[in-house]
Amino acid sequence: MAGGQPGPPCGERGMTDMKDIWLDDGLTQVPFAVYDDQDIYARERERLFQGPTWNILGLECEVPEPSDYKTTYLGDIPVVLVRGKDGVLKAFENRCAHRGALLCLERFGNAKAFTCVYHAWSYNHDGELIGVAFQNGIQGEGGMGEGFRREDHGLRQVKIAVLAGLVFGSFDEAVPPLEDYLGPDIVARIHRVLPRPPKILGYFTQTLRNNWKLYAENVRDPYHASILHLFFTTFRVNRLSQKGGIIVSENGGHHVSYSMLDPGTADDSDYDAAKLRADSEFGLKEPRLLDGRDEFNDGITLQILSVFPNLVLQQVRNSLVVRQIVPQGVDQADVVWTTYGFDDDDEELMDLRLMQSNFVGPAGYISMEDGAVGNFIQRALPGTKGETSVVMMGGEDVASMASRATETSIRGFWKAYRNLMAI
Ligand code: FES
Ligand SMILES: [Fe+2]
């Protein structure tokens with residue numbers, strides 16, 4: 001290569017001494033190294049994603065019938081979620097025990113057994129190895145050695161727990177029961193937007209050119225919402241002056257941010273959304289986009305809920321979405337958006353949900369800016385060695401509060417993160 005020694009490629013800072021990463025015991029200075037260090041990424045795979053955490057894998061209704069399966073990820077590790085012939089959900093690592101090929105290649109399907117394309121080893125719904133091609137050789141020659149036992153080569157199991165139709169998985173047998181892990185406030189707010197079995201409306205996948213944690217922070221950051229998102233401010237979907245609050249779980253890792261439209265100022269104007277900000281050059285040709293129905297009878301028009309480490313559950317008006325964060329290396333992540341409604345939705349409500357699904361996904365009126373801003377941070381990382389960001393809005397600790405002019409839930413994320421990572 002001309003021009004002398006190339007520098008280390010982006011995303012390969014490399015840092016081995018974990019205790020030097022954080023400057024202090026606080027939560028207000030986050031070292032930029034956490035977003036592009038390969039050693040930290042590897043440690044997250046071990047300690048967070050394969051540690052005592054519950055990770056969203058999908059929705060029960062995605063695999064409704066016996067033998068239905070879905071391929072997904074736990075962290076960046078591929079897994080298969082399958083409904084057994086007995087109707088019970090199971091999950092295992094999606095990696096053949098022979099030479100390590102991806103076992104199941106389709107996103108969804110129905111299969112009595114899983115057979116690897118490489119050398120046709122096959123597995124049942126419990127991930128047990130049930131068939132090995134030419135195990136006894138051919139005409140008495142070749143075949144597996146005497147020490148080979150099929151029962152030694154099952155697929156790594158994922159523990160499963162289901163809440164309100166959401167399926168969570170963990171590689172760690174010692175993970176606490178799901179409801180203990182979440183705490184009562186988070187459980188209640190999950191039930192709020194999943195009061196009965198959901199029905200899938202569709203999917204988006206958004207590729208983020210940034211570390212997964214920048215997105216995990218972004219969803220816990222109500223400070224930015226009414227500033228970065230022109231759509232929110234212009235059409236008054238979310239302003240910090242609206243009534244609402246933040247709930248942070250005991251361990252800090254999970255949160256809920258919610259708000260209500262103030263009937264005196266905004267809600268009554270929604271039908272005429274284009275006039276809401278006369279000073280804006282933007283208007284809506286279809287003001288019905290901002291119609292809303294108080295379907296949960298509590299006046300809350302926006303609820304963003306996170307579960308550490310990889311779930312976001314969203315209500316923006318009548319747009320209901322399960323978001324799964326999937327790390328894809330130190331400087332990239334996917335967000336899988338699963339939009340849902342309910343079987344008993346009437347035509348008008350379904351119409352609202354479909355129209356309002358334009359808020360989200362890679363080109364969503366709101367979420368496209370979150371995709372951009374994470375990359376703005378990632379691109380500015382090269383000069384940050386030894387430096388930290390500032391997370392002081394709303395104090396220095398982690399607590400639930402009525403004001404949304406706060407970064408309390410971001411500090412909560414780092415509290416849970418540092419505990420699990422032991423850094
Ligand atoms: S790698 Fe799967 S059968 Fe060989
Ligand atoms: Fe945002």
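The values are calculated or read from the model by the stated rules, or taken from the named source; none is laboratory data. Keep in mind the model is a prediction, meaning the values are calculated, not measured. Please note: Cβ atoms are built from the backbone with ideal geometry, for glycine as well, and neighbour counts cover all protein chains shown. Protein only, heavy atoms only, side chains kept; ligands, DNA and RNA dropped before computing areas. Shrake-Rupley method; radii C 1.70, N 1.55, O 1.52, S 1.80 Å.
Does residue 45 fit the bill of being away from ligand 2 (no atom under 16 Å from the Cβ), part of a loop (DSSP other than H, G, I, E, B) and either modelled with pLDDT under 95 or not assigned by TED's automatic domain parsing to the domain that holds residue 333 (or both)?
Here the answer is no, as residue 45 does not meet what is asked.
Does the range 60-78 hold any residues that are outside any helix (DSSP H, G or I), at negative phi and more than 13 Å from the chain's Cα centre (by Cα), and which are they?
Here is the first cut: in the range 60-78, the ones outside any helix (DSSP H, G or I) are 63-78.
Cutting the leftovers down to at negative phi gives us 63-66, 68-74, 76-78.
Within the range 60-78, 63, 64, 65, 66, 68, 69, 70, 71, 77, 78 meet the criteria.
Residues of the range 255-279 being modelled with pLDDT under 85 and open to solvent by less than 30 Å² (accessible area, probe 1.4 Å), which ones? Spell out how you get there, then give the answer.
Pass one, the range 255-279, residues modelled with pLDDT under 85: 261-279.
Once the filter is applied, which keeps residues that are modelled with pLDDT under 85 and open to solvent by less than 30 Å² (accessible area, probe 1.4 Å), the range 255-279 yields 261, 266, 270, 273, 276.
How do the pairs read when you match residues in the range 176-194 that are on the phi > 0 side of the Ramachandran plot with residues anywhere that are part of a loop (DSSP other than H, G, I, E, B), using Cβ under 6 Å and keeping only pairs 6 or more apart or on different chains?
Hits for this filter: 183/249; 183/250.
Which condition does residue 147 not pass, out of (1) closer than 19 Å to residue 168 by Cβ; (2) away from ligand 1 (no atom under 16 Å from the Cβ), if it passes all the others?
That leaves (1) as the condition not met.
Restricting attention to the range 376-384, does a residue exist that is within 14 Å of ligand 2 (Cβ to nearest atom), open to solvent by 10 Å² or more (accessible area, probe 1.4 Å) and more than 18 Å from the chain's Cα centre (by Cα)?
First, the residues of the range 376-384 that are within 14 Å of ligand 2 (Cβ to nearest atom): 376-377.
Narrowing further to those that are open to solvent by 10 Å² or more (accessible area, probe 1.4 Å): 376-377.
The next check asks that each one be more than 18 Å from the chain's Cα centre (by Cα); those that pass are 376-377.
Yes.
So which residues in the range 280-295 are open to solvent by less than 80 Å² (accessible area, probe 1.4 Å) and either without any contact (Cβ under 8 Å) to a residue 60 or more places away in the chain or not assigned by TED's automatic domain parsing to the domain that holds residue 191 (or both)?
280, 283, 284, 287, 290, 294, 295 - these are the residues of the range 280-295 that are open to solvent by less than 80 Å² (accessible area, probe 1.4 Å) and either without any contact (Cβ under 8 Å) to a residue 60 or more places away in the chain or not assigned by TED's automatic domain parsing to the domain that holds residue 191 (or both).
Which residues, taken from the range 325-368, are touching a strand residue (DSSP E or B) at 6+ places or on another chain (Cβ under 7 Å) and at positive phi?
361
Which ones in the range 107-144 are β-branched (Val, Ile, Thr) and within 13 Å of ligand 1 (Cβ to nearest atom)?
115, 117, 130, 132
Can we say residue 416 is crowded, with 17+ Cβ neighbours inside 10 Å and in the same structural domain as residue 221 (by TED's automatic domain parsing)?
yes
For the range 366-378, which residues satisfy the criterion of being touching a residue at least 40 places away in the same chain (Cβ under 8 Å) and under 15 Å from residue 211 (Cα atoms)?
370, 371, 373, 374, 375, 377, 378
Looking at the range 319-336, can you tell me whether even one residue there is in contact with a Pro (Cβ under 8 Å, 6 or more places away or on another chain), among the hydroxyl-bearing types (Ser, Thr, Tyr) and crowded, with 22+ Cβ neighbours inside 10 Å?
No, the range 319-336 contains no residue that is in contact with a Pro (Cβ under 8 Å, 6 or more places away or on another chain), among the hydroxyl-bearing types (Ser, Thr, Tyr) and crowded, with 22+ Cβ neighbours inside 10 Å.
So if I check each of 228, 208, which one is within 24 Å of residue 414 (Cβ to Cβ), modelled with pLDDT under 95 and within 13 Å of ligand 2 (Cβ to nearest atom)?
228
Residue-by-condition table, conditions (1) within 16 Å of ligand 2 (Cβ to nearest atom); (2) touching a residue at least 40 places away in the same chain (Cβ under 8 Å); (3) over 18 Å from residue 171 (Cα atoms):
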residue: 75; (1), (2), (3): no, yes, no
residue: 81; (1), (2), (3): no, yes, no
residue: 84; (1), (2), (3): no, yes, yes
residue: 99; (1), (2), (3): no, no, yes
residue: 109; (1), (2), (3): no, yes, yes
residue: 112; (1), (2), (3): no, yes, yes
residue: 115; (1), (2), (3): no, no, yes
residue: 123; (1), (2), (3): no, no, yes
residue: 129; (1), (2), (3): no, no, yes
